[in-house]
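This report concerns only the one structure given below.
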Amino acid sequence: MTSRKETAAPPAIVWFRQDLRLSDNPALAAAIAAKVPIVPLYVLDDAAAGTWKAGGASRWWLHKSLEALARDLAKRGSRLILRRGRAEKVLPELVAETGAKTVFWNRLYEPWATARDAKLKETLKARDVTVTSFNGSLLKEPWEVKTGGDTPFKVFTPFWRAARSTLEPASALPVPKSLIPCDTWPASDALADWQLLPTRPDWARGFAPLWTPGEAGARARLAAFVDDGLLRYADGRDRPAEDNTSRLSPHLHWGEISPRQVWHAIEVAKQSPRAEANGDKFLSEIGWREFSYHLLYHFPTLPERNFRPAFDAFPWIDDKAGFRAWTKGETGYPLVDAGMRELWVTGTMHNRVRMAAASFLIKHLMTDWRRGADWFWDTLLDADLANNSASWQWVAGSGADAAPYFRIFNPVLQGEKFDPDGAYVRRWIPQLEACDTRFVHRPWDAPNFRALKYPAPIVAHDRARKRALDAFAAMSGK
């Protein structure tokens, strides 16, 4: 008599990566459709990522998100298998352990990941294992949007116009009710053994009250934004003291919600005339994310090299003291300092303030944009290689569709325009709570400046602006 184990269909491996959700997950849905036992797998592959392995803040988020995913799988009769090491070694080993004949995953677009995945597909194919990959993280894959000359776009507006002209996202896939379990589960690492959470010291203690990593948290965050923040988004998105932004970026980076789910939720909300313009403005930010991945895929050196080669000759300054002051929020410019302190406590920074802080580092301190990008990579919960690289190069003026180098944010004027009553800077800089609103963004002019015990500016704006413009002129030969 043949045993059940001998006749059972070989299991399928679903390799979770930056798609830590069960709903609208094409790879998982395909495995479920095969009606075989499923082995859900997550691999912590720091070796392949190299320089771009998840930073400190991202690792905190990853730990919490994996906990949530494991709970969601357990509710459906399954379990999450954790393995650490090179995926090129881990996957074939797990295939051999389980007898799996199929592997499903959703595609990644980072250069290190595309190179690794291509090799892995060949390795598994040679072992008669079928590998099927899907688009689970973009509205349009990078090769699907091209210019009339069949080349990649380098400017956002025409890119987004072209993408939107053919953009009809399919309906999101539903949450599965159950997954077929394995008769015998392979061994799994203990998540705690990966030591993703900081302990000595626990610099992430301020994250938990503000964030709920995981699919349920992502869906709740989207619902709250649609119900409340969306109607104020177009006008209010630049005001850092107000809660007018979606705060979805870390959820999108880890794939706890898909851009397709976000798109459909906003399109439904746009049926209200009051929400239409706000919805379009928000979707253009989703479009910038798409554009960033478009650039990273077609120009894989984007995180390390100037997109515009002329900037290779820019005379960056290694201002160690200035960089340290910037990281600590002690530049003497309240808007910049508030942003850097918000980042350290919460793992995020308001986008308007990100631009001002990045501009200050690059143009006031003449520090290479890559140093700032590295700092953000380690401290941002939503650190995303495509977005981080494209955005820093945009501010520097060295990237695609870049802001001109001579566009230099004045941190005082930015603060007075977008934080007029100083509520944002007072929230993060206690020394300025007693500062007269007239001087809150230029406290050195306040009669009681010394009593405030807030640092004087480490560089004068006018002098720094002239130095930056002179350097740009010398680089460009003007």
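Going through 258, 292, 284 one at a time, which residue ends up being in the same structural domain as residue 156 (by TED's automatic domain parsing), surrounded by fewer than 22 Cβ atoms within 10 Å (Cβ to Cβ), of a type outside the set (Phe, Trp, Tyr) and touching a residue at least 12 places away in the same chain (Cβ under 8 Å)?
Unique residue meeting the criteria: 284.
Have a look at 367, 379, 437 and point out the one that is more than 19 Å from residue 327 (Cα to Cα) and of a type in the set (Val, Ile, Thr).
437
Could you grab me the full set of residues in the stretch 186-195 that are touching a helix residue (DSSP H, G or I) at 6+ places or on another chain (Cβ under 9 Å) and closer than 26 Å to residue 95 by Cβ?
186, 187, 191, 194
Can you pull out every residue in the stretch 97-120 that is outside any helix (DSSP H, G or I), out of contact with any Gly (no Cβ under 7 Å at 6 or more places or on another chain) and within 24 Å of residue 177 (Cβ to Cβ)?
100, 102, 103, 104, 105, listed by residue number.
For the stretch 73-91, which positions are outside any helix (DSSP H, G or I) and under 25 Å from residue 118 (Cα atoms)?
Hits for the stretch 73-91 are 80, 81, 82, 83, 84, 85, 86.
When you go through (1) in a loop (DSSP other than H, G, I, E, B); (2) modelled with pLDDT of 95 or more; (3) not polar (S, T, N, Q) one by one for residue 416, which number turns out not to apply?
It is condition (1) that residue 416 fails.
Sort out which residues of the stretch 238-247 are surrounded by fewer than 21 Cβ atoms within 10 Å (Cβ to Cβ) and modelled with pLDDT of 95 or more, and write them in order of number.
Listed by number, the residues that qualify are 238, 239, 241, 242, 247.
Just the residues that are closer than 23 Å to residue 365 by Cβ and under 18 Å from the mean Cα position of the chain (by Cα), please, taken from the stretch 272-322.
Listed by number, the residues that qualify are 302, 303, 304.
I'd like the full set of residues that are surrounded by 15 or more Cβ atoms within 10 Å (Cβ to Cβ) and either free of Cβ contacts under 8 Å to residues at least 24 places away in the same chain or under 19 Å from residue 380 (Cβ atoms) (or both), limited to the stretch 213-234.
Those that are surrounded by 15 or more Cβ atoms within 10 Å (Cβ to Cβ) and either free of Cβ contacts under 8 Å to residues at least 24 places away in the same chain or under 19 Å from residue 380 (Cβ atoms) (or both): 213, 214, 217, 218, 221, 225, 229.
Checking residue 401 against (1) modelled with pLDDT of 95 or more; (2) under 20 Å from residue 305 (Cα atoms); (3) acidic (Asp, Glu), only one condition comes out false. Which one?
Of (1) modelled with pLDDT of 95 or more; (2) under 20 Å from residue 305 (Cα atoms); (3) acidic (Asp, Glu), only one is false for residue 401: (1).
Determine which single condition residue 349 fails, assuming it passes every other condition in (1) surrounded by fewer than 21 Cβ atoms within 10 Å (Cβ to Cβ); (2) in a loop (DSSP other than H, G, I, E, B); (3) not polar (S, T, N, Q).
Here residue 349 clears every test but (1).
Report whether or not residue 209 is touching a Leu at 6+ places or on another chain (Cβ under 7 Å) and assigned to a loop (DSSP other than H, G, I, E, B).
So residue 209 does not fit the description; no.
Can you tell me which of 41, 62, 94 is assigned to a strand (DSSP E or B) and not acidic (Asp, Glu)?
The unique qualifying residue is 41.
From (1) buried (at least 22 other Cβ atoms within 10 Å of the Cβ); (2) more than 28 Å from residue 375 (Cβ to Cβ); (3) under 26 Å from the mean Cα position of the chain (by Cα), pick out the condition that doesn't hold for residue 78.
It fails just one condition, (3).
Regarding the stretch 358-372, can at least one residue be identified that is part of a helix (DSSP H, G or I), free of Cβ contacts under 8 Å to residues at least 60 places away in the same chain and farther than 19 Å from residue 314 by Cβ?
No.
Output the number of residues of the stretch 443-476 satisfying the condition of being part of a helix (DSSP H, G or I), within 18 Å of residue 425 (Cα to Cα), in contact (Cβ under 8 Å) with a residue 40 or more places away in the chain and among the aromatic types (Phe, Trp, Tyr).
1
I'd like the full set of residues that are crowded, with 17+ Cβ neighbours inside 10 Å, in a helix (DSSP H, G or I) and in contact with a Ser or Thr (Cβ under 9 Å, 6 or more places away or on another chain), limited to the stretch 149-163.
Listed by number, the residues that qualify are 156, 159, 160, 162.
Out of 70, 48, 54, I need the residue that is touching a residue at least 24 places away in the same chain (Cβ under 8 Å), under 19 Å from residue 137 (Cβ atoms) and either in the same structural domain as residue 382 (by TED's automatic domain parsing) or in a helix (DSSP H, G or I) (or both). Which one?
So the residue among 70, 48, 54 that is touching a residue at least 24 places away in the same chain (Cβ under 8 Å), under 19 Å from residue 137 (Cβ atoms) and either in the same structural domain as residue 382 (by TED's automatic domain parsing) or in a helix (DSSP H, G or I) (or both) is 48.
Considering the stretch 98-124 alone, what residues qualify as being free of Cβ contacts under 8 Å to residues at least 40 places away in the same chain and of a type in the set (D, E, K, R)?
Passing the criteria: 107, 117, 119, 121, 122.
Return the only residue of 205, 239 being assigned by TED's automatic domain parsing to the domain that holds residue 273 and among the basic types (Lys, Arg).
Result: 239 is the single residue among 205, 239 that is assigned by TED's automatic domain parsing to the domain that holds residue 273 and among the basic types (Lys, Arg).
Do you know which residues across the stretch 424-442 are under 17 Å from residue 329 (Cα atoms) and in contact (Cβ under 8 Å) with a residue 12 or more places away in the chain?
424, 425, 426, 427, 428, 429, 431, 432, 440, 441, 442
The values are calculated or read from the model by the stated rules, or taken from the named source; none is laboratory data. Predicted model, so just to flag it, every value in this text is computed and none were measured. Note that each Cβ is placed from the backbone with ideal geometry, even for glycine, and that neighbours are counted across all protein chains shown.
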